[in-house]
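Any read-out appearing in this document is the output of simple, stated calculations on the displayed coordinates, not a laboratory observation. Source: prediction; values computed, not measured. FYI the Cβ positions are ideal-geometry reconstructions off the backbone, even for glycines, and counts take in every protein chain you see.
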Amino acid sequence: MAVLTEDMIAAIKDYFPRYPTRQAVTLPALHIVNERLRYVPLEAVVEIAQLLELAPAQVQDTLSFYGYFKQDKPHGETRAWVCRSIACALRDGEQVLEHMCHAAGIHPGETTRDNKLTIEFAECLGACEYAPCMLAGDVLHKNLTNESAEAFVKQTCSGHGGNGQAGSTH
């Protein structure tokens, strides 16, 4: 059974005239699939390769280069990237990340049992003036504190954070 929908295929093909080669469409294609499925399964890699007239290994090489793409299973409905650059670390970003994970009942890189939230660390979000910060979906959360991070977890997980209902799905 095909993983790529007609909508995904059309969106990928829309990039063809914008790039000099089909191989150059690899990263946009991965983003399209990731946006729709919240991960890029191996079957999608094969289908993208066929569409772009590439070897599956070429698509897999691009996918595996970036830590952004998950391949084993979908990430949570909300994917929160907590920055751990030097600026964020100096302003207690590591402690905020730890507190947030504790509130959600997971470790960095894991997803809550209800699939509402995945918490990951980012090497740098490029928003040092707002340290510590987090990118959740398309929203930059600035000047995080343990309290604001915990409130985010509770809001995102519908009040399940920290009460035993959230948990690791590895």
The residues Asp138, Asp14, sorted from fewest to most surrounding Cβ atoms within 10 Å, come out as Asp138, Asp14
Segment 1-40: equivalent-ellipsoid semi-axes (sqrt of 5 x gyration tensor eigenvalues, Cα, Å): 18, 11, 8
For segment 37-170, share of DSSP beta bridges that run antiparallel, in % to the nearest 5: 55
Using alpha carbons only, how many degrees (0 to 90, rounded to 10) separate the axis of helix 26-37 from the longest principal axis of the chain? 60
Any residue on another chain or 5+ positions along whose placed amide H is under 5 Å from the amide H of Thr111 is listed here as Thr169, His170
Might you list the cysteines of the chain that have no disulfide-compatible partner by the rule of another cysteine's Cβ under 4.7 Å? Cys101, Cys124, Cys128, Cys133, Cys157
Per residue convex hull volume, Cα atoms of segment 6-65, in Å³: 73
What Kirkwood radius, in Å to one decimal, follows from the Cα pairs of segment 78-156? 11.9
In whole Å and largest first, what semi-axes does the C-alpha gyration tensor of the chain yield when each eigenvalue is scaled by 5 and square-rooted? 33, 18, 12
Nearest-ten-degree value, helix 42-52 long axis tilted from longest Cα axis of the chain: 40
Helix 56-65 sits off the longest principal axis of the Cα atoms of the chain, rounded to the nearest 10 on a 0 to 90 degree scale, by 20
